[in-house]
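> Following this message is one structure expressed as structure tokens.
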Amino acid sequence: AIKYVNDAPLGYVFQIGEPIKKREQEEKYHAQIGDIAKQCEFMGEKWSLEDWKRLLVDAFVKAMVEAGTPLRRGGRVVPSLDGGGVVQLGIQTRDFRVKEAAEFIEYLYAWGAHKGVVWSDEPERIAA
């Protein structure tokens, strides 16, 4: 790494940081959210996978703050432009780091267990 830094052309920037989530983690939590969307209701109705993702990420962020381990990149809730609602800004799963994605997966397992979700990968989990 030091060789690359020393040999880099003037103006190049190097960054060292936590690794971004793995593709396998992303596939896992999307599958979990899909199972939740198929099996659960909120406010007496079914919601799309994308709606569930937003709801669950919001709940996850709040749970992490309550646990004293807020996400590296927080969000905020602001009034909508027309003042008729609220909008969650700043939190995107694409920005999760490996540890945050792993914690989100565990959060979804716990949330789903509480709601009686049957995971589509259950045979795989039992065999592993």
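The values are calculated or read from the model by the stated rules, or taken from the named source; none is laboratory data. Owing to the predicted nature of the structure, the values given are computational and were not obtained by experimental measurement. Ideal geometry is used to build each Cβ from the backbone, glycine not excepted, and the neighbour counts take in all protein chains shown. When the accessible area is computed, the model is the full protein with side chains, heavy atoms only, and any ligands, DNA or RNA have been set aside. Shrake-Rupley method; radii C 1.70, N 1.55, O 1.52, S 1.80 Å.
> Taking 22 Å as the cut-off for C-alpha to C-alpha distance, list the pairs among K53/K115; K3/K99; K38/K62; K62/K115; K21/K115 that go past it.
K3/K99; K38/K62; K21/K115
> Also, I was wondering about something else. Calculated FRET efficiency, V77 and F14, Cβ-Cβ r, R0 41 Å, to nearest 0.05?
Values: r = 35 Å, r/R0 = 0.86.
For V77 and F14, the calculated efficiency is 0.70.
> Work out how much length A102 to A1 would gain on full extension: take 0.36 nm times their residue separation and subtract the Cα-Cα distance, in nm to one decimal.
Numbers: separation 101, 0.36 × 101 = 36.36 nm, distance 2.77 nm.
Fully extending the segment from A102 to A1 adds 33.6 nm.
> Using only the Cα atoms of the chain, what do you get for the radius of gyration and for Dmax, in Å?
18.5, 61
> Any idea what angle helix 98-115 forms with the longest principal axis of the chain, computed on alpha-carbon atoms, 0 to 90 degrees, nearest 10?
Orientation of helix 98-115: about 0 degrees from the principal axis.
> Okay, next question. Please find, in a Gaussian network model of the chain (springs between Cα atoms separated by less than 10 Å), the residue of L49, L81, L89 whose mean-square fluctuation is greatest.
Result: L81 has the largest fluctuation of those listed.
> While we're looking at this one, here's another question. Counting heavy atoms of the protein chains only and a 1.4 Å probe, report the per residue accessible area for the stretch 1-84 as a whole number of Å².
So the stretch 1-84 comes to 77 Å² accessible per residue, rounded to a whole number.
> Taking all pairs of distinct Cα atoms, average 1/r, flip it, and tell me the Kirkwood hydrodynamic radius of the stretch 28-79 in Å to one decimal place. Show your work: numbers first, answer last.
Values: mean 1/r = 0.0821 Å⁻¹.
Kirkwood hydrodynamic radius for the stretch 28-79: 12.2 Å.
> With runs of 4+ DSSP H residues as the only contributors, calculate the mean residue ellipticity of the chain at 222 nm using -39,500 (n - 2.57) per run, divided by the residue total and rounded to the nearest 500. Kindly include the intermediate steps, with their values, before the conclusion.
Details: 5 runs with 65 residues, N = 128.
The helix-only estimate for the chain comes to -16000 deg cm²/dmol at 222 nm.
> Could you please state how large a percent of the accessible area of the stretch 1-110 is carbon and sulfur, counting protein chains only and using a 1.4 Å probe?
Carbon and sulfur atoms account for 57 percent of the accessible area of the stretch 1-110.
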